[in-house]
1. State whether the residues of region 39-59 include one that is touching a helix residue (DSSP H, G or I) at 6+ places or on another chain (Cβ under 6 Å), at pLDDT 90 or above and surrounded by 14 or more Cβ atoms within 10 Å (Cβ to Cβ).
2. Can you tell which of T94, T82 is more than 18 Å from I37 (Cβ to Cβ) and either touching a strand residue (DSSP E or B) at 6+ places or on another chain (Cβ under 8 Å) or in a strand (DSSP E or B) (or both)?
3. Hey, any hits in region 87-99 for a residue that's among the polar types (S, T, N, Q), exposed (fewer than 13 other Cβ atoms within 10 Å of the Cβ) and closer than 20 Å to G26 by Cβ?
4. List pairs: first residue in region 50-62 and free of Cβ contacts under 8 Å to residues at least 60 places away in the same chain and within 10 Å of P75 (Cβ to Cβ), second residue basic (K, R) and assigned to a loop (DSSP other than H, G, I, E, B) anywhere in the structure, Cβ distance under 8 angstrom, at least six positions apart or on different chains.
5. Check I37, I74, I59 and return the single one that is aliphatic (A, V, I, L, M), closer than 17 Å to E4 by Cα and over 13 Å from the mean Cα position of the chain (by Cα).
6. How many residues are free of Cβ contacts under 8 Å to residues at least 60 places away in the same chain and surrounded by 15 or more Cβ atoms within 10 Å (Cβ to Cβ) when one looks only at region 64-86?
7. Could we say that G36 is assigned to a loop (DSSP other than H, G, I, E, B), at positive phi and at pLDDT below 95 here?
8. What about T68, is it modelled with pLDDT of 95 or more and under 19 Å from G26 (Cα atoms)?
Amino acid sequence: MIGEELIGTPYRRGGRDPRMGLDCYGLVVALYRLRGIRIADIAERLSGGEWQQVNSPAIYDLVLLGATHCGLYIPCGRLLHTTKETGAVLAPLTVYRPMISGYYHYMGGNND
């Protein structure tokens, strides 16, 4: 699984470098970078056309939890995300289902 090497990366608010620590948005950027896709920081980009809301997630789709937290859908109903206590962690998506506010698929576009 691409991204497995990110599990256990320490949490760092505003973190965008896996060597220094990641927050939830930094984790998304880092995973896409591992896949060879350079995306802009998504914190302010969900409404810009690069991410399309979908009804159900596919592998590596963004899972938005509330208004400020996100993770990535991993097959078999798992969520790759960060917590302050554990850093990057893989967890069952069912635990977070009540908090899910949307699924988003990356459509490409901006590569800055």
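The values are calculated or read from the model by the stated rules, or taken from the named source; none is laboratory data. On a predicted model such as this, the values are computed, not experimentally measured, just so you know. With ideal geometry, Cβ positions are generated from the backbone for all residues, glycine too; neighbour counts draw on all protein chains shown.
1. no
2. Just a single option satisfies the conditions, and that option is T82.
3. no
4. Taking only residues 6 or more apart or on different chains, the pairs are Y60/R35.
5. Answer to the check: I37.
6. Number of matching residues: 9.
7. Taking the combined requirement at face value, the residue satisfies it.
8. It is false that T68 is modelled with pLDDT of 95 or more and under 19 Å from G26 (Cα atoms).
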